[in-house]
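Here's the structure, in structure tokens; my notes come after.
Derivation of every value follows stated rules applied to the coordinates shown; laboratory data play no part. A quick note: this is a predicted structure, and the numbers were derived from the prediction, not measured. Cβ sites come from the backbone with ideal geometry, for glycine too, and all protein chains shown count toward neighbours.
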Amino acid sequence: MATAGIVTGDSSVFEEMIAEYPAEIRRLALASRALIFDVLPETVEVVWPRQHTAGYGTGPKKMTEQFCWLAPYDEHVVLGFYYATELPAPEGLLEGTGRLMRHVKIHSQADLDNPELRRLVEVATTHRVPPPPS
């Protein structure tokens, strides 16, 4: 049975979702989330606590209004992009073999500081998603 997502812009639901992970992973997850909101302050966040994922977009619907997602793991945080194969990304930045989706594994702050990653998030916010509500 699918768990309903919780639409939020408040970090408390996200923080609750990542609470069981190691401190460094929690820090990287929060920093990844902050990057998304820094690029698009009007981002709509949907947290799926039981699935340990959160989606980000201009609305709550996956694939039509969201451009990326975050998923914490014990060794890294995944920053995934719904339409990554259609986005301009430098060779080697994205991983995965899906028809459309790809992801970046965030192992350290240096991964988040990569200007290519920020550019990818910036482009993703405008690709196949409606503009943010005014």
Original post:
Each residue of the range 48-63 in order: what ³J(HN,Hα) in whole Hz does its phi give by Karplus 6.51 cos²θ - 1.76 cosθ + 1.60, θ = phi - 60°, with x for Gly and Pro?
Top reply: 10, x, 6, 8, 6, 9, 9, x, 9, x, 9, x, x, 8, 4, 6
**OP:** Give, rounded to the nearest 20 debye, the magnitude of the charge dipole that the chain has about its Cα centre when Lys and Arg contribute +1 at Cβ and Asp and Glu contribute -1 at Cβ.
**Re:** 420
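Counting other C-beta atoms within 10 Å, which of SER32, SER11 has the fewest, and how do the rest follow? Numbers along the way, then the final one.
On the way: SER32 24, SER11 15.
Lowest count first: SER11, SER32.
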Original post:
What list of ³J(HN,Hα) couplings, whole Hz, do you get for the range 89-94 from phi and the Karplus terms 6.51, -1.76, 1.60, once you set θ to phi - 60° and write x for glycine and proline?
Top reply: 9, x, 3, x, 6, 9
Original post:
Ranked by Cβ crowding within 10 angstrom, fewest neighbours first, how are ARG33, ARG27 ordered?
Top reply: ARG27, ARG33
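Give the shape of the range 44-114 as rounded, prolate or oblate, defined through the alpha-carbon gyration tensor: a ≥ b ≥ c are the square roots of its eigenvalues, a/c under 1.5 means rounded, and otherwise the shape is prolate if a/b is larger than b/c and oblate if not. Could the numbers behind the result be given before it?
Details: a/c = 1.77, a/b = 1.14, b/c = 1.55.
Verdict is oblate for the range 44-114.
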**OP:** Per residue of the range 14-26, in order, report the coupling 6.51 cos²θ - 1.76 cosθ + 1.60 (Karplus, θ = phi - 60°) as ³J(HN,Hα) in whole Hz, putting x for Gly and Pro.
**Re:** 4, 4, 5, 5, 8, 4, 7, 8, x, 3, 5, 5, 4
Subject >> Full-stretch length increase - ASP38, ASP74 - with 0.36 nm per residue and alpha-carbon distance subtracted >> reply: 10.5 nm
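Using Cβ counts within 10 Å as a stand-in for footprinting exposure, how do TYR82, TYR73, TYR21 rank, fewest first? Working shown, then result.
Details: TYR82 26, TYR73 13, TYR21 17.
Lowest count first: TYR73, TYR21, TYR82.
Counting GluC sites (Glu not before Pro) as exposed when in a DSSP loop with at most 15 other beta carbons within 10 Å, what is the longest stretch of the chain free of them? Don't skip to the end; give the middle numbers.
Numbers: sites that count: GLU20, GLU42, GLU75, GLU91.
Longest stretch, sites excluded: 92-134.
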